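Below: the structure, in structure tokens.
The values are calculated or read from the model by the stated rules, or taken from the named source; none is laboratory data. Here the structure is a predicted model, which means the values were calculated and not measured. We place every Cβ from the backbone using ideal geometry, glycine too, and count neighbours over all the protein chains shown. Please note that ligands, DNA and RNA were not included when accessible areas were found on the heavy atoms of the full protein model with its side chains. Shrake-Rupley method; radii C 1.70, N 1.55, O 1.52, S 1.80 Å.
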Amino acid sequence: MAEYLTIIIVAALINNVVLIQFLGICSFLGVSREMKPAASLGGAVIFVITISSAVASLLYDFVLVPLGLEYMKTIVFILVIAALVQIVEMFLKKTSPALYKALGIYLPLITTNCAVLGVALTNVQDEYNFGQSVMAGFGTAVGYTIAIVLLAGIRGRIDERDLPGPVKGAPVVLLCAALMSIAFMGFGGLSFG
Amino acid sequence: MKQMNPYVERIYNGIVKENPVLVLMLGMCPTLAVTTSAINGLGMGVSTIVVLIASNVIISALRKVIPDEVRLPSYIVIVATLVTVVELLIEAYLPSLYAALGIYIPLIVVNCIILGRAEAYANKNTPGLALMDGIGMGVGFTIALVILGLIREFLGAGTAFGAQILPSGMEPMGIFIKAPGAFMVMAFMVMVMNALGMVTRANDMVESGCDGACAACAMSTNCGTKKEAAPDEQIKAEPAAAKAAAPAGKEGQANG
């Protein structure tokens, strides 16, 4: 149990997927303008990354490795993720319209979010087993959600400020991301004995 | 420019007019992640050029064969195959670069530039033009990566392409080759471009959110181009645009 907790904390805070590893930057910058969409996207990302890292881990361990096809992992993972997102979307639409309404529009967009493929590949690289992969996926997605919700909060304040012309728009958002990144680097000092 | 040879025009377009990183703001993840040094930026750029050129030519050659309904999965399979080839080649011949770029090599698959060019250009034009488009876009991407890598390497390590520039007594600012430095240098580059009045899609992307997914963003035709054409209108219609952009991306995905 402690091992899983460590994996989650490392994935969510120390190796934050957006601020330290630069995966999923597009949606991080693009959807962080308001709090509600940012939080919904975060929820959808947690959902998709957790499921996809579970499926990717099972496929890798029980299909690719026995067949000696490890080098096919990139192709297999991206197709599986794309198919999986479609299935999850259809499933949610049928079974839970409320959840679908909240996360629905974000699900298809996540397919091409590099964080999803990135987590699946990192899990393989770190030689995580099934349980560890699921925890790492969940932790990474929680880290993504923390980052995007924090940025959305900061941007809500920035919008009210009078900034010099050239700084408006992208530069000030990128500078906030830089400061958040410095803050998250502080988590690097955490150690687990 | 009017008389420019269409092949030459493609190269100019990719490097200057529609530079994928500096103007279109595509492929931000590898741009920020691997530019800790100029060499890494160059390595990433060249790998992307190879994949981009090959995918552009293949997709253009197959544009009448691939049915419209399954084009996105087909493109993804083609690109993923090419990326796997490049990854194995780098692993075999350039192990140090392989170690430096790590997971970002397989992630070329989800680089928005590649699927974006396939959807926006290669599937509508001849292989010759698609080849030039791939070269132009790829070189434009590489130039941007090398510039970013040079700035970060100089500030963060005092070197350029590995050669010592700063006198050894001077302490370089290490933060620039760490994660925050990437955001900072990019912020200042966009700031300078804003101050010089250059057209960039950076602010649009941050304001409207396009749709939050790189490739889908490059694919939805009403995203980049329309907003560039009418920036003033876009600012007024921001919240509406953010809402409208998301279903647009969804539609693109549903087609696949």
All helices (runs of 4 or more DSSP H) inside the range A:85-189 with 2 or more residues being open to solvent by 10 Å² or more (accessible area, probe 1.4 Å): A:97-103, A:114-125, A:130-158, A:170-185
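Residues checked against (1) farther than 24 Å from B:Met28 by Cβ; (2) open to solvent by 50 Å² or more (accessible area, probe 1.4 Å); (3) not hydrophobic (A, V, I, L, M, F, W, C):
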{"site": "A:Asn15", "(1), (2), (3)": "no, yes, yes"}
{"site": "A:Val18", "(1), (2), (3)": "no, no, no"}
{"site": "A:Phe22", "(1), (2), (3)": "no, no, no"}
{"site": "A:Met35", "(1), (2), (3)": "no, yes, no"}
{"site": "A:Ala44", "(1), (2), (3)": "no, no, no"}
{"site": "A:Ile51", "(1), (2), (3)": "yes, yes, no"}
{"site": "A:Leu59", "(1), (2), (3)": "yes, no, no"}
{"site": "A:Val63", "(1), (2), (3)": "yes, yes, no"}
{"site": "A:Thr74", "(1), (2), (3)": "no, no, yes"}
Condition broken by B:Glu69, with the remaining ones in (1) touching a strand residue (DSSP E or B) at 6+ places or on another chain (Cβ under 9 Å); (2) open to solvent by 30 Å² or more (accessible area, probe 1.4 Å) satisfied: (1)
Filtered residues of the range B:75-96 (kept if of a type outside the set (Val, Ile, Thr) and surrounded by fewer than 19 Cβ atoms within 10 Å (Cβ to Cβ)): B:Leu88, B:Leu89, B:Glu91, B:Ala92, B:Tyr93, B:Leu94, B:Pro95, B:Ser96
Of the criteria (1) assigned to a helix (DSSP H, G or I); (2) open to solvent by 10 Å² or more (accessible area, probe 1.4 Å), which one B:Ala144 fails: (2)
Odd one out for A:Thr145 among (1) closer than 26 Å to A:Ser40 by Cβ; (2) within 13 Å of chain B (Cβ to nearest Cβ): (2)
